[in-house]
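Inspection log for the structure reproduced underneath, given as structure tokens.
The values are calculated or read from the model by the stated rules, or taken from the named source; none is laboratory data. Model, not experiment: these values are computed from the prediction. FYI the Cβ positions are ideal-geometry reconstructions off the backbone, even for glycines, and counts take in every protein chain you see. Side chains are part of the model used for accessible areas, which takes the heavy atoms of the whole protein and leaves out ligands, DNA and RNA. Shrake-Rupley method; radii C 1.70, N 1.55, O 1.52, S 1.80 Å.
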Amino acid sequence: MDTQAITNSIYESGVSTVIRDTVWVIPTVQSIHILAIATLIGSVLVTDLRLAGVLAMEETPRVVATRYMKWLWAALVVVLVTGLVMLIGEPDRVLANQIFWLKMALVLTATVMTVLFRLPLLREGFSLEHAYWARVTKPLAWLSLLIWIGVIFCGRWIAYVI
């Protein structure tokens, strides 16, 4: 099944029709999506800047990560759910858009980086001073932040690129 057939199948579904035809659904879901992105990016920003040695240096990386990871994960779930609703409501606008697929690749990359890079911080006794982590922490923090900024840019460009 090709992309156009999948798009048509989703577009013709009852759920897609309800989402499209109920005047308040898309703008409400988009607003919630943007608020969740702001929460997610805020959490990423604080933890990445701490790991880069720029912010909250009076606190350990573990304390900062512990405080913000729950917000990051909750916001990511909301972003994914609201994004799915928007995709179902307007599959023709989204699935054929290359910027959408770039955004999804960046979200996947950033999420994997979050799991591999931040979750170890939450373990008791983990130390960033370990030789390997000491070398990669700052570059990975900046890379993570750049990837999430790329997600934001792609999200905005989806509306303007067909």
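Across region 94-118, the number of residues qualifying as more than 13 Å from the chain's Cα centre (by Cα) and either touching a residue at least 24 places away in the same chain (Cβ under 8 Å) or outside any helix (DSSP H, G or I) (or both) comes to 8.
Considering (1) free of Cβ contacts under 8 Å to residues at least 24 places away in the same chain; (2) under 22 Å from ALA159 (Cα atoms), the lone condition that VAL46 does not fulfil carries the number (2). The sole residue among VAL112, VAL107 that is at pLDDT 75 or above, more than 16 Å from ILE41 (Cβ to Cβ) and out of contact with any Phe, Trp or Tyr (no Cβ under 8 Å at 6 or more places or on another chain) is VAL112.
Contact map, region 142-153: first residue closer than 22 Å to GLY53 by Cα and assigned to a helix (DSSP H, G or I), second residue open to solvent by 20 Å² or more (accessible area, probe 1.4 Å) and of a type in the set (Val, Ile, Thr), Cβ cut-off under 7 Å, separation 6 or more or different chains; pairs are ILE147/THR109; TRP148/ILE41. Of all the residues in region 36-57, those that are surrounded by fewer than 14 Cβ atoms within 10 Å (Cβ to Cβ) and more than 30 Å from ALA134 (Cβ to Cβ) number 1. Would you pick out the residues in region 1-32 that are open to solvent by 90 Å² or more (accessible area, probe 1.4 Å) and in contact with a Leu (Cβ under 9 Å, 6 or more places away or on another chain)? GLN4, the sole residue that qualifies.
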